[in-house]
1. With +1 assigned to the C-beta of every Lys and Arg and -1 to the C-beta of every Asp and Glu, and no other charges, what is the dipole magnitude of the chain about the Cα centre in debye, to the nearest 20?
2. May I ask you to derive the FRET efficiency for Ser15 and Ile99 from their Cβ-Cβ distance with R0 = 35 Å, giving the value to the nearest 0.05?
3. Could you give me the ³J(HN,Hα) list for segment 29-40, computed from phi with Karplus coefficients 6.51, -1.76, 1.60 and θ = phi - 60°, whole Hz, x at Gly and Pro?
4. Regarding segment 32-99, what is the average projected area of its C-alpha convex hull, in nm²?
5. Using per-residue counts of other Cβ atoms within 10 Å, averaged over each peptide, order 102-114, 67-79 from highest down.
6. Hey, how much of the P(r) for the chain falls beyond 20 Å, as a percent of Cα pairs?
7. Can you check what the net charge comes to around Trp115, using other residues whose Cβ is under 11 Å from the Cβ of Trp115 (Lys, Arg +1; Asp, Glu -1)?
8. Based on DSSP H runs of at least 4 residues, each adding -39500 (n - 2.57), what is the mean residue ellipticity at 222 nm of the chain after dividing by all its residues, to the nearest 500 deg cm²/dmol?
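The numbers here are math on the coordinates, done by the rules we state, and not lab data. All values reported here derive from a predicted model rather than from experimental measurement. Counting neighbours? That spans all protein chains shown, and the Cβs are built from the backbone with ideal geometry, glycine included.
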Amino acid sequence: MSSRADKLPGRLSHSVAETEAIAGELALQLSPGSCVALYGDLGAGKTQFVRGMVRALGGNPRAVSSPTYVLLNIYPTPKLTVYHLDAYRVHGPEDFDAIGFPELLEQGRLVVIEWPTRVESLLPANRINVSMITTSPRTRKITITHLNP
Ligand SMILES: Nc1ncnc2c1ncn2[C@@H]1O[C@H](COP(=O)(O)OP(=O)(O)O)[C@@H](O)[C@H]1O
Ligand SMILES: [Mg+2]
């Protein structure tokens, strides 16, 4: 198999467990106030990635689900509180503004967002972008980019 995605930089995950491990590694490097934007199509593994972050931080991975309808899920962990947002049903930045997103960024939590393209103009310039591409039913190409660190 040699699709274009295979040649991208980044890591190839061969399983859900490996995706969670990559996510956990990242989570343990982050500090309060970090913002992680998760790019990828439906089923790419964005929610699974958040589950790996919460597990590594000592939180309850079973509490993690896509906040598609509620916009925001909150997971306490011994290390950091995780704010999990999903902009899938958001029309534009005004909607995120209305739920107080700029204030959420100021609270010293770990903020993770699925479908960030909808609200990109509101995201901090120093965020971490994670791109997930489905390369086969079981494999995902995961690329992590620290913007303006
Ligand atoms: N390597 C992998 N990494 C992450 N998820 C995978 C992988 N292989 C298969 N999957 C499956 O892909 C789906 C990802 O779902 P989910 O995390 O909800 O995606 P998203 O939030 O991006 O829509 C799950 O059903 C998961 O079991
Ligand atoms: Mg999801």
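1. The calculated dipole for the chain is roughly 580 debye.
2. That gives a FRET efficiency of 0.55.
3. 8, 8, 10, x, x, 5, 10, 10, 9, 9, 9, x
4. Values: hull surface 19.1 nm².
Taking the Cα atoms of segment 32-99, their convex hull projects to 4.8 nm² on average.
5. Going from most to least packed, we get 102-114, 67-79.
6. 44
7. -1
8. Calculated at 222 nm, the ellipticity per residue is -6500 deg cm²/dmol.
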